[in-house]
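Input: a single structure, listed below in structure tokens.
Coordinate-derived values only; no laboratory data. Note that the coordinates shown come from a computational prediction; the quantities given were computed from them, not determined experimentally. Counting neighbours? That spans all protein chains shown, and the Cβs are built from the backbone with ideal geometry, glycine included.
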Amino acid sequence: MANPVLPSSGVLSPLGLDAVRLSPGFWGDRVALNREVTIAHCQDWEEREGWIGNFRGERPRRGREFSDSEIYKLLEAMSWADHPALPALAETVAQAQEGDGYINTRWSGSRYTDFEWGHELYCYGHLIQAGVARLRMHGEDRLTQVAVWAADHVCRRFMEGTETCGHPVIEMALVELYRVTGTERYLEMARRFVERRGLPALADIPFGRAYYQDDIPVRQAQVFRGHAVRALYLASGVVDVAVETGDQELLKAVEAQWERTIARRTHLTGGMGSRHIDESFGDDYELPPDRAYNETCASIASIMLAHRLLLATGDARYADLAERTLYNMLATGVALDGRSFFYANPLQVRVPAVPLEGVNHAAEGGLRSPWFDVSCCPNNIARTLASLPAYLATSTDDGIQIHHHSPSEIRHGDLAVRVETGYPWDGSVTVRVLEDGDGRIKLRVPAWASDATLAHRGTVREVTPGYAVADGPWRAGDELRLELPISPRWTFPNTKIDALRGCAAVERGPLVYCAESVGDEPPLADLAVRVQPPVENAANGVVELEVEASLGAAELGDSDGWPYAPAQNGHVDSSDARLRLIPYHRWGNRGPATMRVWLPI
Ligand SMILES: [Zn+2]
């Protein structure tokens, strides 16, 4: 089964790359572009920056202390994509492995001297995930051998003691290696890493131990906090440990932390992590649009976590959040040509970014960059898109569940279907049965889709958010037609989110929309919108929207160069205009721009 996550129990079983094949469409096109362009782009940059040369022993060593992990993430992407460059790159990596299984190009010779910032166990985590991907797609080879030797080394070195890594990821990697090999010590090692955290296991640092979730044990935490990628990778590993050990208390703890994080610490796009200074979650309701950090990797980690919770519980809310994050964060993270990337994903950009040649040394979100000093996001996008079909559908004993509607063919047991749809632009989803068979087919109805209908055997019935259900037996040629009402809608923020008061945003289906201004186009600083039904304009397969707005300068208390006044000043409607809105994931593809998702009313 070709899956990044394959739990041995849970309400739903994932269908893998062998069961789900994407056809051309929103995601099929992106997965193909990833295989054809982005994977080679990442390898070229890792070679150019010397990060691959580190494994050949080239000196001086180049890149940050965790740069090995980028090559491992790329190897994972290559594994899922069955990419021809994999064997040679795996052979290069293997040269750096030491006799006892240790492998790290930064810390060889001074190993395990910095658990807070050294990232050695973090790097193993990504190596092991690459090895698991290769085992499931191909079987044993040089890469899987390197990964298993490294995992065995970790178990020998760390099974006893109190140490853990400043950056989680090895927890979920070891559980998955246990799932594919059946070797129990990998699960036990992961369990111990989870239980050690928060005792505490690591030194205090200026950001505080919450930065690496070492402030309190995971069972006692109320919400995700600290560095967002670390928090969400850890939570994913905790779900894996809980599922495999049958630890319901541990699973419930993560579910509760997820609930509060969704209610109070998540941006409209699904982005997580408000603070730039330590790439961390903010306090409850601290969700400023212009200072939203929303690292692309955090969104990928959130998708990984939501998928695990969906498998464990069968609750459609996890698929809803995954969908929001896929369309508005993952799709935003990579340019339409597959060669440049966002690291941070703010919901408002006030000043157009200056185009850069070469490596971006910062992580700000004004323009996509071909590469970064810390290039976690491009490789993370590559491995996620390469394994994306595994997130679309699941199975139970009685049938299949389709969570994400995308043109595809899905085969499992007695069921073979083709999904035909123009989603997310169009809300019609047709499931055509390809062969005679039997089983229940469930189609997810997103939370925003009130008044959805399902047509089946000549009858049309209303279906509510959650899952629409249809039972067999099926004859080849039968079809189900799900109609999701996908007209644009206004969305308003909880008033507790101070930074968004007085604003509204527009969504259409799973897509969040934004206003963008490039070059001489009207500036966005002083606009105000009227909450009237948006007008749709479809062109070149993309639906844009228009809303009524005033674009003129607002008359604020701006006297004597002081932006505050004794009386409240409202917006002066100095012009009537129509404001063009584009899907958020498409912003920044026309050059330096200002942008905003939340529109003052
Ligand atoms: Zn990243």
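Descriptive notes on the structure:
- Its residue count N fixes a reference of 2.2 N^0.38 Å for the stretch 266-374, and the Cα radius of gyration divided by that reference is 1.10.
- Prolate/oblate/rounded call for the stretch 355-440, Cα gyration tensor, a/c under 1.5 rounded: prolate
- Rg followed by Dmax, in Å, when the stretch 203-333 is reduced to its Cα trace: 13.8, 42
- Loop-resident GluC sites (Glu not before Pro) (DSSP state other than H, G, I, E or B) in the stretch 282-381 with no more than 14 further Cβ atoms inside 10 Å of their Cβ: GLU357.
- Ratio Rg/Rh, restricted to the stretch 225-293 and using Cα atoms, in which Rh is the Kirkwood radius: 1.04
- Taking θ as phi - 60° and the Karplus parameters 6.51, -1.76 and 1.60, the scalar couplings of the stretch 255-261 work out to 4, 5, 5, 5, 4, 6, 5 Hz in sequence order, x denoting glycine and proline.
- For the stretch 16-46 versus the stretch 148-192, the gap between their alpha-carbon centres in whole angstrom: 30
- In sequence order, the stretch 64-74 has phi-based couplings of 6, 5, 10, 5, 4, 5, 5, 5, 5, 5, 5 Hz under the Karplus curve 6.51 cos²θ - 1.76 cosθ + 1.60, θ = phi - 60°, and Gly or Pro positions carry x.
- Amide H contacts of CYS514: ILE582, TYR584, each under 5 Å away and 5 or more positions distant or on a separate chain (H built 1.01 Å from N in the peptide plane; Pro and chain starts excluded).
- With contacts taken as Cα pairs under 8 Å and at least 6 residues apart, the stretch 392-461 reaches a relative contact order of 26 percent.
- Here the 3J(HN,Hα) profile of the stretch 187-204, calculated from phi with Karplus coefficients 6.51, -1.76 and 1.60 at θ = phi - 60°, is 5, 5, 5, 4, 4, 5, 4, 5, 6, 6, 5, x, 5, x, 10, 10, 6, 6 Hz, Gly and Pro shown as x.
- For the stretch 159-217: span of alpha carbons on each principal axis (Å, largest first): 40, 19, 14
- Diagonalising the gyration tensor over the Cα atoms of the stretch 1-70 and scaling each eigenvalue by 5 before taking the square root yields semi-axes of 34, 19, 8 Å, largest first.
- Distance between modelled label sites at SER487 and THR313, nm, 7 Å Cα→Cβ extension: 3.3
- Put simply, the amide H of ARG61, placed in the peptide plane, has no neighbours under 5 Å, leaving out anything fewer than 5 places away on its chain.
- Under-5 Å amide H pairs with ASN360, H placed in peptide plane, nonlocal only: TRP371, PHE372, ASP373
- Per residue, the convex hull spanned by the Cα atoms of the chain measures out at 158 cubic angstrom.
- Its DSSP H runs of at least 4 residues, each contributing -39,500 (n - 2.57), put the calculated 222 nm mean residue ellipticity of the chain at -9500 deg cm²/dmol, to the nearest 500.
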